[in-house]
Amino acid sequence: MNSLILSIGARFLTALFLLFSLFVLLRGHNSPGGGFIGGLIGAAGFVLYSFAAGVGAARSALRVDPRAIGVWGMALAVVAGLASALAALDPFTGLWLIVADLALSTVLVFDIGVYLAVFGAILTLVFTLEETL
């Protein structure tokens, strides 16, 4: 598409979508949001950018193949889910690590994995559909 307003606006909106998706991701465990909806919001930003600038420009702005993002996200989610098996607990039981007043959990790692898996899957689907049409 050759709309000047869309091409300039998409640059700013993509960054805004990505920041908001990270906010939703990090807010999500105890409040509405999380990895799934955060991944959808982040992918929507790149979809908007691909509509404005083309799939080639969106792929180069992303710098990583979306399939690889999805695979790494799935691997991260599986590792987070099975980490409790190492502690002889039920699968997907939350484990916490406290480091200098910072609480890290397998729940957050799982949400990040879901975020990356959804982000990569949606972008793979949309980019493939746009390239074939």
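Computed from the coordinates by the stated procedures, all read-outs in this text should not be read as laboratory data. A quick note: this is a predicted structure, and the numbers were derived from the prediction, not measured. Counting neighbours? That spans all protein chains shown, and the Cβs are built from the backbone with ideal geometry, glycine included.
The sole residue among 40, 22, 48 that is touching a residue at least 40 places away in the same chain (Cβ under 8 Å) and either more than 13 Å from residue 111 (Cα to Cα) or out of contact with any Leu (no Cβ under 9 Å at 6 or more places or on another chain) (or both) is 40. The test for being part of a helix (DSSP H, G or I), hydroxyl-bearing (Ser, Thr, Tyr) and either over 21 Å from the mean Cα position of the chain (by Cα) or more than 20 Å from residue 21 (Cβ to Cβ) (or both) does not hold for residue 93. Residues that are over 18 Å from residue 2 (Cβ atoms), touching a helix residue (DSSP H, G or I) at 6+ places or on another chain (Cβ under 6 Å) and not aliphatic (A, V, I, L, M) within segment 45-71 comprise 45, 46, 66, 67, 70, listed in sequence order. Of everything listed in (1) touching a residue at least 60 places away in the same chain (Cβ under 8 Å); (2) out of contact with any Gly (no Cβ under 8 Å at 6 or more places or on another chain), the single unmet condition for residue 65 is (1). Residues in segment 1-47 that are in contact with a Phe, Trp or Tyr (Cβ under 7 Å, 6 or more places away or on another chain) and crowded, with 16+ Cβ neighbours inside 10 Å: 10, 14, 25, 35, 38, 39, 41, 42, 43, 44, 45.
Just to be sure, is residue 92 among the aromatic types (Phe, Trp, Tyr) and either under 24 Å from residue 133 (Cβ atoms) or touching a Lys or Arg at 6+ places or on another chain (Cβ under 6 Å) (or both)? In short, no.
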